[in-house]
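Visitor: Provided herewith is a single structure, encoded as structure tokens, for subsequent inquiry.
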Amino acid sequence: MRSLSTTLLFLAALSSTYAGFTEQGQPCTQANNRLQIGTYQFWSECVTTNFCSDKGICEPRKCRRDDFPFGYAQDSDSIPDKCDRGQFCPDEGSECQALLPVGSPCQMNRDDQCEAPPNFKELADTSGRGLNVNGSVCLQNVCMWANATLNNPCVVDNNAFIAYEVDDEFIHIVSRGNCVAGLYCDAAQKVCLNEKALGESCTADKECQSWNCLESGVCGTPAAEPQHFGIWVYIVVALGIFGGMLGTLIGLFAFHRKRRDADREKRLQYWKEQNAFHQNLKNVREAARVSVLSMNDRSNRSTLYSREDAPMIQPTAQKASGLRNFMARDDGSDIDERKPHEGNRF
Ligand SMILES: *[C@@H]1O[C@H](CO)[C@@H](O)[C@H](O)[C@H]1NC(C)=O
Ligand SMILES: *[C@@H]1O[C@H](CO)[C@@H](O)[C@H](O)[C@H]1NC(C)=O
């Protein structure tokens, strides 16, 4: 039944476009005013912003019921006013009229056209189901008070609406009565009976307190009631969220650890290569110096020493950083052992 009310709303909105085409000032026939089949939407020959006046001419509407009346631009200056309290605007929108006393003819489902009973505070429907307006109800086009009590005779008004499903249409019967709140008017016996609680058998929505007679023939929870989930659903969802987060973290960590190890291996390799290269270079220089020294006289050595050997030792001493020592050890080479050896030599 939930989709039904939506469908009916949609239907009502759709059918509003089915107004006449006669423009303002053009002749019309009041006798052609009617309620649309299936939706009971008011229809006249005039366009939606007009009504067919007593003179038989389409004239601009003089009142409205809706906050946002159909057919007008939102900022239009020609939107008519709503009626004051104690008045109503008929379906035609012709003009505001005083509320009608009990027993007067009213328009279909326009409970708001009827005058309230003296005890309207007791009779008014507060369930939000629209059973009456201020204790008054318009049934079979007559204003009544919703004051029929338990097991007493009542008036019932059944109307068949056409409702639509995805690719089907069906009849939806709306049954209204003049029983007091908490009772419904049984269509067969025409007496007021108590509304039924959840799980009791039913044949129509109106019989249920919840206003929802399930297809299985028992009163179900109200169609508008929000769905509630057990606490375990929240726990499962929370576990899922945290499990997902944790899994992602661990997965990324494992993935990046492989990459990190590979990178470290590469850097180490690079350092080893650089170190080996550096070592080779030193060896070459050493070899060159040794050969130069051996070529020279012992008397020439002092000149050679002051000119070439001194600047060469200087950078070696500065470069002896911890990093290089570490790498040297890692390499298994003996860079640092050379220093004392060099010193010994001279
Ligand atoms: C209900 O009817 C009483 C009596 O006529 C009136 O004073 C009151 O304003 C009405 N309430 C509403 C909400 O129409
Ligand atoms: C109930 O409402 C009707 C009009 O619908 C009225 O004639 C009758 O007097 C009311 N009965 C009581 C007890 O108020």
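Visitor: Among M144, G128, P117, whose Cα sits farthest toward the positive end of the charge dipole of region 99-194 (+1 at Cβ of Lys/Arg, -1 at Cβ of Asp/Glu, about the Cα centre)?
Guide: Farthest towards the positive end: P117.
Visitor: First check a/c for region 154-270, with a ≥ b ≥ c the square roots of the eigenvalues of its C-alpha gyration tensor; if it is under 1.5, answer rounded, and if not, answer prolate when a/b is larger than b/c or oblate otherwise. Please report the intermediate quantities before stating the final value.
Guide: Values: a/c = 7.28, a/b = 3.81, b/c = 1.91.
Prolate, since a/c reaches 1.5 and a/b exceeds b/c.
Visitor: If ligands, DNA and RNA are left out, what is the accessible area of D81 with a 1.4 Å probe, given in Å² to the nearest 10?
Guide: 110 Å²
Visitor: Excluding residues fewer than 8 places away in the same chain, name every one of the lysines whose C-alpha is closer than 26 Å to that of K121.
Guide: Partners within reach: K82, K190, K196, K206.
Visitor: Show the residues, 5+ positions off or on another chain, whose built amide H is closer than 5 Å to the amide H of K82.
Guide: Residues meeting the criterion, in which the H sits 1.01 Å from N, are R64.
Visitor: For H256 paired with E215, estimate the spin-label separation in nm (one decimal), with each label point 7 Å from Cα along the Cα-to-Cβ line.
Guide: If labels sit at H256 and E215, their model points lie 5.4 nm apart.
Visitor: Just to make sure I understand: if all protein chains stay in place, what is the order of Y72, Y270 by accessible area at 1.4 Å, largest first?
Guide: Working: Y72 40, Y270 130 Å².
Result, largest first: Y270, Y72.
Visitor: Using a 1.4 Å probe, how large is the accessible area of H256, given in Å² and rounded to the nearest 10?
Guide: 80 Å²
Visitor: Rounded, prolate or oblate: which fits region 137-202, taking a ≥ b ≥ c as square roots of the Cα gyration tensor eigenvalues, rounded meaning a/c under 1.5, else prolate when a/b beats b/c?
Guide: On the way: a/c = 2.76, a/b = 1.46, b/c = 1.90.
Oblate, since a/c reaches 1.5 and b/c is not below a/b.
Visitor: What's the local net charge at C143, with K and R +1, D and E -1, over the other residues with C-beta under 11 Å away? Intermediate results must be reported in sequence, preceding the final value.
Guide: Numbers: positive: R110; negative: D111, D112, E115.
That sum, taken over residues with Cβ under 11 Å, equals -2.
Visitor: Still on this model: Determine the sum of side-chain charges near C63: Lys and Arg each +1, Asp and Glu each -1, restricted to other residues whose C-beta is under 9 angstrom from that of C63. Mind showing how you got there, number by number?
Guide: Working: positive: R61, K62, R64, R65, K82; negative: D81, E95.
Neighbourhood net charge equals +3.
Visitor: Using the basic label-point model (7 angstrom from Cα toward the beta carbon), what is the S78 to E165 distance in nanometres?
Guide: With each label placed 7 Å out from Cα toward Cβ, I get 4.3 nm.
Visitor: Continuing with the same structure: How much length is gained if the chain between K266 and T29 is pulled fully straight, taking 0.36 nm per residue apart and subtracting their Cα-Cα distance, in nm to one decimal?
Guide: On the way: separation 237, 0.36 × 237 = 85.32 nm, distance 9.51 nm.
Roughly 75.8 nm would be gained on extension.
Visitor: In square angstrom, rounded to the nearest 10, how much accessible surface does F277 have for a 1.4 Å probe?
Guide: 130 Å²
Visitor: Only bridges whose two residues both fall in region 99-194 count here: according to DSSP, what percent of them are antiparallel, nearest 5?
Guide: Details: 20 of 23 bridges.
Of all bridge pairs located within region 99-194, approximately 85 percent are antiparallel.
Visitor: Rounded to whole Å, give me the distance from the Cα center of region 40-72 to that of region 224-269.
Guide: Going from one Cα centre to the other spans 63 Å.
Visitor: Grab the other residues whose beta carbon is less than 14 angstrom from that of N194, score K and R as +1, D and E as -1, and report the net. All intermediate terms of the calculation are to be shown ahead of the outcome.
Guide: Details: positive: K196, K206; negative: D186, E195, E200, E207.
Local charge sum for N194: -2.
The values are calculated or read from the model by the stated rules, or taken from the named source; none is laboratory data. Because the structure is predicted, anything quoted here is derived from the model rather than measured. Cβ: placed from backbone, ideal geometry, glycine included. Neighbour counts: every protein chain shown. Side chains included, ligands, DNA and RNA excluded: accessible areas come from the protein's heavy atoms. Shrake-Rupley method; radii C 1.70, N 1.55, O 1.52, S 1.80 Å.
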